[in-house]
Structure formats: structure tokens, C-alpha cells
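Colleague: Take a look at this one; I'll ask things after.
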Number of protein chains: 2
Amino acid sequence: MLAVTILGNNSAIPAFGRHPTAQIVTTADDLLMFDCGEGSQIQILNYRIKRSRINHIFISHLHGDHYFGLIGLLNSFALLGRIQPLHVYGTPALIEVINLQFRLSSTSLPFQFTFHPIEKAGLILDAKSYTVECFPTQHRIECWGFLVREKRQLRKINIEKTAAHNIPTTAFPELQAGADFIETDGTIIKNELLTDENVKAKSYAFCADTIYDETLVPIVQEADLIYHESTYPAALAEKATERFHSTSKQAATIALKANVGRLLIGHFSAKFEHVDQFETEAREVFPKTELAREGVTYLI
Amino acid sequence: MLAVTILGNNSAIPAFGRHPTAQIVTTADDLLMFDCGEGSQIQILNYRIKRSRINHIFISHLHGDHYFGLIGLLNSFALLGRIQPLHVYGTPALIEVINLQFRLSSTSLPFQFTFHPIEKAGLILDAKSYTVECFPTQHRIECWGFLVREKRQLRKINIEKTAAHNIPTTAFPELQAGADFIETDGTIIKNELLTDENVKAKSYAFCADTIYDETLVPIVQEADLIYHESTYPAALAEKATERFHSTSKQAATIALKANVGRLLIGHFSAKFEHVDQFETEAREVFPKTELAREGVTYLI
């Protein structure tokens with residue numbers, strides 16, 4: 001199971017109590033963080049996220065509302081005496097910003113810090129239970145989305161059925177991997193007769209900031225949940241395009257075309273105090289849409 | 001009259017709902033900002049500070065809890081289409097941090113932005129109704145405090161008395177400036193017989209982060225209000241010295257020796273959920289001490 005907790009759902013300027021972009025994805029192994037707008041470390045406290053468990057931080061792009069909180073979070077990790085290694089992923093220039101500020105404050109990090117420059121699409125993290133891939137999105141500056149996929153779970157040995165067929169336990173690893181069992185006389189016992197399906201491996205795509213772009217469709221195809229920005233309501237499609245952002249209906253159209261399980265929309269323009277209309281509009285195109293609400297955890 | 005509004009009173013790490021250092025000083029002409037920790041722009045919204053009136057921002061030093069919110073505030077000013085000129089004062093390296101981040105995000109500021117590198121103690125701003133001077137404090141890295149002084153107010157013409165003495169209005173400017181009136185026959189009419197004292201010019205010193213340092217005493221002598229950090233309670237004086245910070249009683253001792261009007265203490269260590277003891281301890285040395293409470297405006 002994966003889960004996504006929203007720390008910030010607003011676009012460029014904090015407004016109406018909404019914060020800039022930041023999300024925590026919970027996997028079986030780690031907490032991942034996608035973007036880290038200003039004040040994220042305070043939101044982490046507000047929503048009782050176990051900060052020491054955040055091991056990987058992914059920054060989509062270098063507009064301030066997506067990363068101005070990173071330096072403060074790293075600084076606090078240093079002051080708190082963190083010892084767990086930390087990995088940060090982003091465009092190569094991000095490390096310049098971090099290094100400059102830590103040099104000026106004479107800060108040295110007490111934990112192992114690894115910066116992974118993102119230079120091309122593909123696999124960027126291969127963990128025990130999941131992978132993370134990055135993909136480019138079309139925005140005013142270089143920008144990356146991220147796709148988390150749980151690894152396929154092994155099938156579960158059915159103890160009664162394997163006993164009934166007198167299967168030796170030495171064969172279990174192959175059965176778990178999906179193989180049929182072959183008796184010494186050549187008889188084949190189908191895997192489904194000996195094992196049960198495990199929970200399905202889930203996937204989540206964080207599509208960052210992006211203009212409406214159908215090249216995203218094959219990338220997020222069939223994902224269980226995607227987050228797609230919806231900076232503007234449908235009526236402001238022209239403005240959205242001008243600014244390399246998307247509308248509610250455009251986000252929903254990507255979700256529909258990609259046949260995803262569910263859609264989360266966020267990155268709402270600071271001009272709008274009330275954002276319910278974004279949901280209403282998106283649901284006209286893709287009913288399984290929800291607003292990314294701050295503090296809410298969406299289970300996948 | 002001056003006034004100080006506290007936006008953040010905590011040291012290095014946000015904790016217990018307390019924010020990193022930031023203060024707004026209201027003068028007759030402008031709002032001044034002293035330090036700008038992460039999340040200051042959100043605190044500005046929370047406490048209904050008119051952000052477009054902030055014309056001068058002073059950064060004491062480049063530890064993150066004193067300036068990580070500056071880039072976000074500038075970025076928001078840009079996005080909001082600010083047109084008023086803005087002046088930022090700080091150690092020369094601060095502009096490198098700002099320039100690097102704006103270059104990476106292709107941000108250009110729509111307003112006139114002037115950076116004033118601080119390189120020596122003295123007058124750094126001479127405004128219509130007040131001046132700002134900077135002075136060095138002793139901290140782990142280069143650090144500056146700031147002293148705001150209202151300019152002396154002109155004396156008020158007493159209409160009844162000037163009429164009784166038949167003083168021509170052409171003489172009023174000199175009377176306001178404090179001169180006596182000299183009749184054509186050489187008779188001197190004392191200024192005090194013709195004018196009234198105006199409100200006293202007030203002063204405020206922001207002493208930034210500092211070890212206990214008596215060289216501050218002559219600098220803030222007789223100020224109406226000073227803010228002095230009190231990172232630690234009195235019992236942790238040794239730790240305070242090691243880290244170039246001060247205790248409650250040390251802050252109060254500076255206030256006492258400098259014979260200031262009142263003392264505000266803040267920059268509380270994130271280890272302490274309750275900070276009342278800081279006030280109790282400081283008051284044993286200097287009774288006119290108050291905790292710098294977030295959201296509270298202290299009139300001077």
C-alpha cells in the first residue's frame with residue numbers, strides 16, 4: 001500500500017491558509033517527499049509526519065514555491081543531529097543553492113547527504129519495495145514528474161493446498177514467484193492451484209507543474225492515483241496555457257485518457273479563496289477526482 | 001511613535017508553534033523588517049501586516065533561521081506585481097544567494113530592488129522621520145544589530161501664547177526648531193513661553209544573535225526598547241557562551257547596564273515548550289522585561 005499526505009496545495013503565493021507544494025508519500029520502506037515549498041517543515045510538524053523517516057526528497061523544478069522550504073528542512077535535520085542518510089533528487093543547479101547557503105552559514109551536515117542530479121528520464125531510485133522513475137513535464141523551466149511503483153508482491157503460498165498436493169517447501173520460492181509445480185512424473189500443477197494472489201502493487205504519479213500535455217498519458221497509464229496540477233478553473237484555459245499550467249478539466253482529461261484509478265488536483269491559484277469549483281469541473285470529465293486537501297492522507 | 005510586531009520568536013528550529021526570527025517595526029514613514037525566517041510571509045498574512053508597506057528589510061546574519069524566508073517574500077512581491085521600491089540590507093554574500101535563486105527560476109523583479117551591503121558600523125538609512133544604524137554583534141558568524149531612532153520632533157507652536165505676544169507666523173519655523181524670539185527692540189522671549197514640547201523621539205534596538213557582550217551597552221544606552229536574544233535560561237550560561245548566544249539574565253543585564261526603557265527577549269531554544277521561566281529570570285535582573293510574543297505589537 002502507498003499513501004500520499006498533502007502538506008501544501010497552493011500555487012506560487014501562500015494564500016487563504018494554503019501552503020506551497022509539498023507531499024509525503026509513505027511506502028513500506030521509507031517516507032518520500034515530493035517538492036518542499038516554504039514552510040514545509042512546519043507543516044511536517046503540524047501533521048505529525050515522522051521527519052526522521054523521510055529518506056528521499058524529490059524536487060520537481062526550481063520555482064520557489066516548489067523548493068524554498070528545502071534548505072530550512074535540511075538545516076533543521078542538521079541541528080536535530082539527524083544520523084540517517086538522506087537523498088535529494090533534482091536538477092543539477094539545486095545543489096549550488098544548497099552548497100552556497102551552507103557555506104555562508106558554516107553548516108556541515110552530520111548525516112550522509114547524497115545529491116542525485118536529474119538529467120534524463122528513467123529510473124532514479126530502486127528500493128526494496130518500490131521504484132521511482134522521473135519523467136519530464138512541459139513548464140516554463142525544466143521540470144520533472146515522478147512515478148512511484150510498488151514492486152510486484154510475491155504470490156502467497158496456500159498452506160492447505162500445498163499440503164494436499166504434498167509440495168516440498170523447497171519449491172515455495174518458485175511458487176511465490178509465479179511458477180507452476182512440476183511433479184517428478186512430469187505432471188504440471190498450475191500455480192493458481194497452490195498459491196493466492198497477494199495485494200496488488202500500487203502506483204502513484206506526481207505530475208508536478210505542467211501545461212496540458214498528452215505525452216503524459218502513456219507515462220501515467222493505469223496508475224492507481226495521479227496528482228495533476230490544476231492551477232486554474234476551466235474558464236481560464238488560455239491563461240493556463242500562457243503560463244504553462246493546466247486547468248481542472250485538462251487535469252481530468254489526462255486522468256481519463258490514461259485510465260488511472262483516481263485523480264488528485266492541486267496547485268490552486270492564489271486568486272481563488274474557494275476551490276470547490278475545481279473539483280466540480282474536473283468531475284464532469286473524470287468523476288474519480290478529489291481536491292488535494294492539506295493535512296489529508298490519501299490511501300492508495 | 002514606533003511599534004514592533006513579533007512574527008517569530010524561536011531559535012534555529014520551528015517548534016511548539018513558534019517561528020524563526022522576524023519582526024516588523026512600524027515608523028511614521030515605512031514598515032521596516034528585521035530578519036526574515038522561513039514562513040515570515042505566512043506570518044505577515046496571519047497578522048495582517050500590510051506587506052506592500054514594507055520598504056526596508058534588514059538581515060542580521062546568514063544563519064538560516066534569520067533569512068530563509070527572504071527569498072520567498074521577494075518572490076511573492078514579484079508575483080504580486082509590487083511596484084514600490086524595496087531596499088534590503090545585509091552582509092555582502094546575501095545578494096549572491098538571492099541572485100542565484102532568481103537566475104535559476106528566471107525571475108525578474110518588477111520593482112526597483114536595491115541591495116545595500118553592510119560592511120561597517122554606522123548610519124545605513126536616513127529617512128524622513130527616522131534613521132537606522134547598524135552595529136556588530138558577537139556571534140559564530142558575522143552578525144549585525146540595528147538601532148532605529150526617530151528624528152527629534154519639532155516643538156509645537158502654542159497658538160494662544162504666540163498670539164498674545166503678537167509673534168508673526170514667519171517666525172514659526174525657527175520657534176519650532178527651538179529658537180527664542182527676539183523682538184525688534186532686542187527683548188528676548190524664551191522659546192518655552194511660545195511653544196510646547198512635542199512627543200519625544202523614540203528609539204528601538206534589535207540586538208540580533210549575540211553572546212553576552214558589554215560593548216553593546218553604550219550602543220543601546222537609554223533606548224526606549226531593546227530586543228535582546230535569550231536563547232537559553234540562566235542555568236545554561238555555559239552552553240550559551242559556547243554557542244555565542246545569551247541567557248535570560250544576560251539579556252537583562254545588558255538592559256540594566258544600558259538603562260533602557262524596556263526589554264523584549266526572544267529567540268528561545270526549541271528545547272523549551274514553555275518559556276515563562278525566561279521572563280521570570282530576566283525580571284529578577286531587569287523588571288521591565290517582556291517575552292517577545294508572536295503576533296503581539298509592542299508600542300514604543
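Colleague: Please find, within the range B:29-87, the residue that is most open to solvent (accessible area, probe 1.4 Å) out of those that are within 12 Å of another protein chain (Cβ to nearest Cβ) and of a type in the set (Val, Ile, Thr).
Modeller: Within the range B:29-87, the match that is most open to solvent (accessible area, probe 1.4 Å) is B:ILE42.
Colleague: Which condition from (1) more than 10 Å from chain A (Cβ to nearest Cβ); (2) surrounded by fewer than 24 Cβ atoms within 10 Å (Cβ to Cβ) is the one that B:PHE16 breaks?
Modeller: Evaluating B:PHE16 over (1) more than 10 Å from chain A (Cβ to nearest Cβ); (2) surrounded by fewer than 24 Cβ atoms within 10 Å (Cβ to Cβ) leaves (1) as the failure.
Colleague: Still on this structure: Of the residues A:ALA240, A:ALA251, A:ALA282, A:ALA223, only one is open to solvent by less than 30 Å² (accessible area, probe 1.4 Å), modelled with pLDDT of 95 or more and in contact with a Gly (Cβ under 8 Å, 6 or more places away or on another chain); which?
Modeller: The unique qualifying residue is A:ALA223.
Colleague: Checking A:LYS128 against (1) away from every other protein chain (no Cβ under 11 Å); (2) open to solvent by less than 10 Å² (accessible area, probe 1.4 Å), only one condition comes out false. Which one?
Modeller: (2)
Colleague: Something else about it: Output the number of the condition that A:LEU264 fails; it satisfies all remaining conditions of (1) crowded, with 24+ Cβ neighbours inside 10 Å; (2) hydrophobic (A, V, I, L, M, F, W, C); (3) without any contact (Cβ under 8 Å) to a residue 60 or more places away in the chain.
Modeller: With respect to (1) crowded, with 24+ Cβ neighbours inside 10 Å; (2) hydrophobic (A, V, I, L, M, F, W, C); (3) without any contact (Cβ under 8 Å) to a residue 60 or more places away in the chain, A:LEU264 is out only on (3).
Colleague: Name every residue in the range B:144-162 that is open to solvent by less than 70 Å² (accessible area, probe 1.4 Å) and farther than 30 Å from B:PHE206 by Cβ, in order of residue number.
Modeller: Residues satisfying the conditions are B:ILE157, B:ASN158, B:THR162.
Colleague: Residues in the range B:101-120 that are open to solvent by 60 Å² or more (accessible area, probe 1.4 Å) and free of Cβ contacts under 8 Å to residues at least 24 places away in the same chain: how many?
Modeller: 3
Colleague: If you don't mind, another one. Quick check, is A:ASN9 touching a strand residue (DSSP E or B) at 6+ places or on another chain (Cβ under 7 Å), more than 13 Å from every other protein chain (Cβ to nearest Cβ) and either within 17 Å of A:ILE265 (Cα to Cα) or surrounded by 20 or more Cβ atoms within 10 Å (Cβ to Cβ) (or both)?
Modeller: Judged against the criteria, A:ASN9 is a match.
Colleague: Just need a number here: residues in the range A:163-175 that are closer than 28 Å to A:THR27 by Cα and open to solvent by 60 Å² or more (accessible area, probe 1.4 Å).
Modeller: 2
Colleague: Another question about this same structure. Among the numbered criteria (1) farther than 30 Å from A:ASN158 by Cα; (2) of a type in the set (A, V, I, L, M); (3) assigned to a helix (DSSP H, G or I), which single criterion is violated by A:LEU175?
Modeller: (1)
Colleague: Checking the structure you have, find out if any residue of the range B:154-161 is within 19 Å of B:VAL25 (Cα to Cα) and in a strand (DSSP E or B).
Modeller: Checked against the condition, which is being within 19 Å of B:VAL25 (Cα to Cα) and in a strand (DSSP E or B), the range B:154-161 yields no hits at all.
Colleague: Suppose we filter A:ILE141, A:ILE98 for residues that are open to solvent by less than 20 Å² (accessible area, probe 1.4 Å) and within 14 Å of another protein chain (Cβ to nearest Cβ); which single one remains?
Modeller: From the options A:ILE141, A:ILE98, the qualifying one is A:ILE98.
Colleague: Still on this structure, I have one more. Can you pull out the residues in the range A:126-158 that are touching a helix residue (DSSP H, G or I) at 6+ places or on another chain (Cβ under 6 Å) and aliphatic (A, V, I, L, M)?
Modeller: Of everything in the range A:126-158, those that are touching a helix residue (DSSP H, G or I) at 6+ places or on another chain (Cβ under 6 Å) and aliphatic (A, V, I, L, M) turn out to be A:LEU154, A:ILE157.
Colleague: Considering only the range A:1-58, state which residues are aliphatic (A, V, I, L, M) and touching a helix residue (DSSP H, G or I) at 6+ places or on another chain (Cβ under 6 Å).
Modeller: A:LEU7, A:ALA12, A:ILE13, A:ALA22, A:LEU31, A:ILE44
Colleague: Could you grab the pairs with beta carbons closer than 7 Å, sequence gap of 6+ or different chains, first residue in the range A:271-289 and within 30 Å of B:GLY81 (Cα to Cα), second one modelled with pLDDT under 95 and open to solvent by 70 Å² or more (accessible area, probe 1.4 Å)?
Modeller: A:GLU273/A:PHE16
Colleague: Please tell me if A:PHE206 is surrounded by 23 or more Cβ atoms within 10 Å (Cβ to Cβ), of a type in the set (Phe, Trp, Tyr) and touching a Lys or Arg at 6+ places or on another chain (Cβ under 9 Å).
Modeller: It is false that A:PHE206 is surrounded by 23 or more Cβ atoms within 10 Å (Cβ to Cβ), of a type in the set (Phe, Trp, Tyr) and touching a Lys or Arg at 6+ places or on another chain (Cβ under 9 Å).
The values are calculated or read from the model by the stated rules, or taken from the named source; none is laboratory data. Here the structure is a predicted model, which is why all the values come from computation and not from measurement. Methodologically, a virtual Cβ is constructed for each residue, glycine included, from the backbone with ideal geometry; neighbour enumeration extends over all protein chains shown. In case anyone asks, the SASA skips ligands and DNA or RNA and just uses the protein heavy atoms, side chains included. Shrake-Rupley method; radii C 1.70, N 1.55, O 1.52, S 1.80 Å.
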